[in-house]
Amino acid sequence: MSASGGSQGSAPATDNQKSSTLRLDDKEHTLPVYQGSIGPDVIDITRLYGDTGYFTFDPGFTSTASCESKLTYIDGDEGLLLHRGYPIEELADNGNFLETCHLLLYGELPNAAQFEDFKQRVTMHTMVHEQMHRFFTGFRRDAHPMAIMVGVVGALSAFYHDSTDITDPVQCDIASIRMIAKMPTIAAMAFKYSIGQPFTYPRNDLDYASNFLHMCFSVPCEKYEPDPVLAAAMDNIFILHADHEQNASTSTVRLAGSSGANPFACISAGIACLWGPAHGGANEAALQMLEEIGSVDNIPEYVKKAKDKDDPFRLMGFGHRVYKNYDPRAVIMQKNCHEVLEAVGADKDPALPVAMALEKIALEDEYFVERKLYPNIDFYSGITLRALGFPTSMFTVLFALARTVGWIAQWKEMIEDPDQRIGRPRQLYTGPAKRPYVKMEDRK
Ligand code: CMC
């Protein structure tokens, strides 16, 4: 297949002059090529099956753009992450999480009045229906908080009937705000339930991150004021996780939403996908790995295991489908990690020297260099979250909390697209061809 011509306009532009030619069974087929504002051009294969009778085969979506989006851009080779054009470093250094939420949802950073209005709207939705408390008590105390999140977030659709009509933009907006506002409350309740403490109601005089720390760490018998350094670190972690283009959980949300499912159900599907150790569960797995390694002396043994093809062990927190350079979020997270450890006096956390030595050894090892395996965000986030006071089982929950805005913004973008259709991938079938039913008595 070859591409030719000069392209103009933004993707997918119908007047695009660039096209590619595919030769199949001695016939040539012209496929349009679209150009994004940045990033690789894409070949439009939507008519391929109709025109040729062929499907394309790309099981891990390594070369497939599943949608058009204006939200987030990643250049994996450069280690670049942009939200609506703004570099993640600048958002993390100068902004706050709610600003980033506004940016992702509505396309622009808010001015002062817009920010106050947005903050007010989110703050007014922080409580959950009182009856939702009963959902929590239905779970075993030792349930993984992600299991609780999947169930309780899905159950939101049973409570907020007035914001499930996806054809009504006002309802969609309310659902978006509700989700951003209630996720910290639900996450904190899952945490409190797991440690046997009473649920703490939100405090609307606090900012988003401080309120979350309050709901997680205050108890009725003691006065609690969130530490501003830790609240700033928490807010920073939320910004770093806010969105990440068409990753597995976001694609799950989009696919679930493409059928017209309500937004609460779609986000619940995203949470389920995020739970896996190859995705959001990696921060939990990375810390467990650092604990298992135990000391700097044991690192070579684990690096050897990670390189052994017959050993399923992988260095958790290393490697990324898209980043073939340093994950820019990992750089910010490493700085954040040191600040938090210093603030809480946990710089003696034995996992930290192991992490730093492992990072250095792996970055110099030929195996990791050749495969461009760099630390990703999860490598340092586990240590940071532990220093903030969270048990490992809560790590992925915090990721889900922060990613909710990305999921919902991507879902909104999808349902607002007039050309949106249900997602329905095809397959390469390799099972038995048609065969007649065999009665049980005749089977061998
Ligand atoms: N340790 C050892 N080897 C690795 C690792 C690792 N962490 N990651 C990839 N490799 C090797 C892999 O064995 C393969 O080697 P070879 O070419 O010799 O067969 C090569 O590198 C390419 O790996 P891949 O599995 O084809 O890469 P992928 O794009 O399918 O997987 C990944 C990406 C993130 C699932 C993978 O790197 C991984 O499992 N990392 C550990 C889990 C992790 O940290 N996940 C968090 C991702 S970042 C958070 C997020 O955005 O969700």
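The values are calculated or read from the model by the stated rules, or taken from the named source; none is laboratory data. Being a predicted model, the structure only gives us computed values, none of them experimental. Positions of Cβ are generated from backbone atoms using ideal geometry, with glycine treated the same way; all protein chains shown enter the neighbour counts. SASA here: full protein model, heavy atoms, side chains in, ligands and nucleic acids out. Shrake-Rupley method; radii C 1.70, N 1.55, O 1.52, S 1.80 Å.
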Practice item. Quick one: which residue in Asp378, Asp417 is of a type in the set (D, E, K, R), within 24 Å of the chain's Cα centre (by Cα) and away from the ligand (no atom under 16 Å from the Cβ)? Key: Asp417
Point to revise | Extreme residue, least open to solvent (accessible area, probe 1.4 Å), among residues of the stretch 347-374 that are among the acidic types (Asp, Glu), free of Cβ contacts under 8 Å to residues at least 24 places away in the same chain and within 13 Å of the ligand (Cβ to nearest atom) | key: Glu359
**Study point:** In the stretch 310-319, the residues that are within 7 Å of the ligand (Cβ to nearest atom) and open to solvent by 60 Å² or more (accessible area, probe 1.4 Å)
**Key:** Arg314
Point to revise | Check on Arg84, open to solvent by 80 Å² or more (accessible area, probe 1.4 Å) and either without any contact (Cβ under 8 Å) to a residue 60 or more places away in the chain or touching an Asp or Glu at 6+ places or on another chain (Cβ under 8 Å) (or both) | key: no
Exercise for review: Output the number of the condition that Leu287 fails; it satisfies all remaining conditions of (1) part of a loop (DSSP other than H, G, I, E, B); (2) open to solvent by less than 10 Å² (accessible area, probe 1.4 Å); (3) more than 10 Å from the ligand (Cβ to nearest atom).
Suggested key: (1)
Review point. Does at least one position in the stretch 383-393 carry a residue that is within 11 Å of the ligand (Cβ to nearest atom) and either modelled with pLDDT of 90 or more or aliphatic (A, V, I, L, M) (or both)?
Key: no
Review point. Looking at Val322, Val331, Val344, Val340, which one is at pLDDT 85 or above, closer than 23 Å to Tyr73 by Cα, more than 9 Å from the ligand (Cβ to nearest atom) and of a type in the set (Val, Ile, Thr)?
Key: Val331
Practice item. Would you be able to say whether some residue in the stretch 385-400 is small (Gly, Ala, Ser) and closer than 30 Å to Ala175 by Cα? Key: yes
**Study point:** Long-range neighbours under 6 Å by Cβ, at least six apart or interchain, first residue of a type in the set (A, V, I, L, M) within the stretch 173-202, second open to solvent by 10 Å² or more (accessible area, probe 1.4 Å)
**Key:** Ile177/Arg121; Ile177/His125; Ala181/His125; Ala181/Thr126; Met189/Phe199
